[in-house]
Amino acid sequence: MTAIETGNSHADRMDRMYRTQRHFYDLTRKYYLFGRDTLIRELDVPVGGSVLEVGCGTGRNLALIGRRFPQARLFGLDISAEMLVSAEAKLGRPGRTRTVLRVADATDFKPLEFGETGFDRIVISYALSMIPEWEKAIDAAIAALNPGGSLHIADFGQQERLPRLFHRGLQAWLKRFHVTPRKLMATVLKAKAAKSGDTLEFRPIGRGYAWLFVYRRSAN
Ligand SMILES: C[S@@+](CC[C@H](N)C(=O)[O-])C[C@H]1O[C@@H](n2cnc3c(N)ncnc32)[C@H](O)[C@@H]1O
């Protein structure tokens, strides 16, 4: 597995940040990346269906998805080759696992890079808040869905119903990790669904601490 060799500063930044953090990532993030387990529980993967996680990081979610849906075919992409070292260690090395992992940019990938024409389920968990061109990542994910497939997103909300001081403190702290909660995520997803005749479910959890979305592509 090789890093994206384009001098892409975002890829470099992610690698620099996760080179060390990946070793304690799973342990620490369980205290503040809420909604991931709800998202996984509600995936409802068809038997033999394909699931791609965009920005899969250490492979924590893919491992749980594989346990819950043992018949699913699993795929993961991340721009950080460092993160995928941890994912490989967790999910097995290429060729000896049913999980296919690739270094790729969420804003510019195609299912054919994974040998698929599309995916039945795509998961983006706490990655859009780290992707500068996050709308492009949403477009690429929707384009990679099979007809009737669904895109499941969990990410930071605007903490709209939490005390203002907590909101400010959290936003400042997240900034140190290159995280920017996407204020317009619901608006953007809603517009895309309306334009394409698809449907969108939106649910804030923890008084707006996190947002969950399910974008369902129409069957034709
Ligand atoms: C906060 S972590 C989330 C990891 C995992 N999805 C989870 O829920 O634990 C964000 C991940 O997104 C990846 N990422 C950031 N920008 C990306 C991009 N443009 N394309 C693909 N992955 C990206 C990072 O390298 C990192 O692994």
Among the residues of the range 166-182, is any surrounded by 11 or more Cβ atoms within 10 Å (Cβ to Cβ), in a loop (DSSP other than H, G, I, E, B), at pLDDT 95 or above and at negative phi? yes
Give the residue, chosen from 48, 66, that is more than 11 Å from the ligand (Cβ to nearest atom), part of a helix (DSSP H, G or I) and over 20 Å from residue 175 (Cα atoms). 66
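Please find, among 139, 105, 120, the residue that is in a loop (DSSP other than H, G, I, E, B) and either under 21 Å from residue 196 (Cα atoms) or open to solvent by 20 Å² or more (accessible area, probe 1.4 Å) (or both). Talk me through it step by step, then tell me what you get.
Working: 139 fails: in a loop (DSSP other than H, G, I, E, B); 120 fails: in a loop (DSSP other than H, G, I, E, B).
Step by step, each of 139, 105, 120 is checked, and only 105 is in a loop (DSSP other than H, G, I, E, B) and either under 21 Å from residue 196 (Cα atoms) or open to solvent by 20 Å² or more (accessible area, probe 1.4 Å) (or both).
Across the range 16-29, which residue is modelled with the highest pLDDT among those that are under 17 Å from the mean Cα position of the chain (by Cα) and of a type in the set (Ser, Thr, Tyr)? Break it down into steps so the answer makes sense when it comes.
We begin by selecting, within the range 16-29, every residue under 17 Å from the mean Cα position of the chain (by Cα); these are 18, 22, 25-26, 29.
Of the ones still in play, those that are also of a type in the set (Ser, Thr, Tyr) are 18, 25.
Numbers: 18: 90, 25: 85.
The residue in question is 18.
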Checking the conditions here, which among 144, 210, 191, 154 is of a type in the set (A, V, I, L, M, F, W, C), over 18 Å from residue 34 (Cα atoms) and within 14 Å of the ligand (Cβ to nearest atom)? 144
Would you confirm whether any residue within the range 30-49 is over 27 Å from residue 181 (Cα atoms), touching a Ser or Thr at 6+ places or on another chain (Cβ under 9 Å) and at pLDDT below 95? no
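Looking only at the range 143-159, count how many residues are assigned to a loop (DSSP other than H, G, I, E, B) and either open to solvent by less than 10 Å² (accessible area, probe 1.4 Å) or aromatic (Phe, Trp, Tyr) (or both).
Filtering the range 143-159 down to residues assigned to a loop (DSSP other than H, G, I, E, B) leaves 144, 157-159.
Next, only the ones that are either open to solvent by less than 10 Å² (accessible area, probe 1.4 Å) or aromatic (Phe, Trp, Tyr) (or both) stay: 144, 157, 159.
Here the count works out to 3.
The values are calculated or read from the model by the stated rules, or taken from the named source; none is laboratory data. Fair warning: this is a prediction, and the values are worked out from it, not measured in the lab. Cβ atoms come from the backbone with ideal geometry, glycine included; neighbour counts cover every protein chain shown. The accessibility values were calculated without ligands, DNA or RNA, using every heavy atom of the protein model including side chains. Shrake-Rupley method; radii C 1.70, N 1.55, O 1.52, S 1.80 Å.
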